[in-house]
1. Kindly state, as a whole number, the per residue volume in cubic angstrom of the convex hull around the alpha carbon atoms of segment 50-165.
2. Considering just Cα atoms, how many Å³ per residue does the convex hull of segment 1-91 enclose?
3. Using just the Cα positions, wrap the chain in a convex hull and report its mean projected area in square nanometres, one decimal place.
4. Under a plain spin-label model, where a point goes 7 Å from the Cα along Cα-to-Cβ, how far apart in nm are K188 and I115?
5. Quick check: pseudo-label points 7 Å beyond the Cα along Cα→Cβ at D177 and R231, how many nm apart are they?
6. Residue by residue, what Karplus-based ³J(HN,Hα) values in Hz, rounded to whole numbers, does segment 165-182 have, using 6.51, -1.76 and 1.60 with θ = phi - 60° and x for Gly and Pro?
7. What percentage of the solvent-accessible surface of segment 104-185, computed with a 1.4 Å probe over protein heavy atoms, is contributed by carbon and sulfur atoms?
8. Show which lysines lie in cross-link reach of K63 when reach means a straight Cα distance below 19 angstrom and same-chain residues fewer than eight apart are skipped.
Amino acid sequence: MKDKTTILSLEKLNFGYGQIKALKDIDLEVKKGEIVALIGANGAGKTTLLRVLSSLEKMQDGKIYFKGEDISRFDSTKKVRLGIAQVPEGRGLFNILSVEDNLLMGAYLRSDDEIREDIEYIYNLFPVLKEKKDHYAGTLSGGQQQMLSVGRALMSRPDLLLLDEPSMGLAPIIVEDIFEVLESLRKKGVTIFLVEQNAFLALEISDRAYVLENGEIVMSGDSKELINDDRVKEAYLGV
Ligand SMILES: Nc1ncnc2c1ncn2[C@@H]1O[C@H](COP(=O)(O)OP(=O)(O)O)[C@@H](O)[C@H]1O
Ligand SMILES: [Mg+2]
């Protein structure tokens with residue numbers, strides 16, 4: 001295996017919807033404690049990559065390693081147990097469950113006695129969720145729903161958090177709140193793999209980034225360098 005600080009690595013990952021190739025020979029690495037971003041236009045294959053990673057799509061070809069272990073054939077439950085949690089595109093909440101019950105759903109694989117403490121920890125991260133803890137998730141604003149989706153993922157105590165476009169459809173001020181929480185999570189030791197169409201935001205917060213075009217990684221590097229790269233500027237930053 002790779003050097004021991006690598007938490008996630010993908011090797012020659014391929015995926016197709018029938019004949020349509022959505023992911024082509026993806027090689028990618030995330031190190032412990034990093035925030036790594038995957039940027040790319042609508043339809044590039046970002047969601048597909050996350051879904052394959054968390055086994056919401058069945059793995060076809062290639063390898064996925066997590067903490068040095070080959071998890072290519074693991075199902076989604078097994079991956080959650082190992083420490084991978086996903087904040088899915090569209091948030092995936094249970095609309096007619098309360099905020100607190102959604103958080104409890106995130107802990108469904110746990111049997112320890114610290115679940116209550118972790119709920120308080122989430123309420124600390126996102127105080128508005130405490131105010132609304134008895135409300136149906138479906139009645140929350142978009143930003144509050146995104147916070148709840150992040151909170152629910154954290155309830156499995158992940159080492160690696162996968163996020164699919166957390167900024168989607170949200171006002172900039174709300175996005176700022178959510179991204180601040182991501183930075184504080186990283187300080188607490190959570191590794192973050194962030195998928196974003198909003199390249200500027202993603203490059204600002206991340207250490208390294210990969211650029212996905214038509215299912216292929218076409219560029220990668222330090223985010224600070226990518227943000228100043230002429231091709232990235234032109235294609236993704238609109239400058
Ligand atoms: N369930 C599906 N069946 C067939 N094609 C799909 C399906 N989901 C996504 N695709 C196609 O796969 C490609 C990548 O989509 P997606 O991963 O959603 O991209 P992104 O998240 O970057 O917008 C697109 O061409 C899309 O139309
Ligand atoms: Mg998507």
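The values are calculated or read from the model by the stated rules, or taken from the named source; none is laboratory data. None of the values given here were measured: they were computed from a predicted structure. Ideal geometry is used to build each Cβ from the backbone, glycine not excepted, and the neighbour counts take in all protein chains shown. Note: areas computed on protein heavy atoms with side chains; ligands, DNA, RNA excluded. Shrake-Rupley method; radii C 1.70, N 1.55, O 1.52, S 1.80 Å.
1. Per-residue hull volume (Cα only) is 102 Å³.
2. 105
3. Reported value for the Cα convex hull: 12.8 nm².
4. It works out to 1.8 nm between the two label points.
5. With each label point 7 Å from Cα toward Cβ, the separation is 3.9 nm.
6. Per residue, the Karplus-derived 3J(HN,Hα) values read 6, x, 8, 3, x, 9, 5, x, 5, 6, 4, 4, 4, 5, 5, 4, 5, 4 Hz.
7. 52
8. Output for K63: K2, K4, K12, K21, K24, K31, K32, K46, K78, K79.
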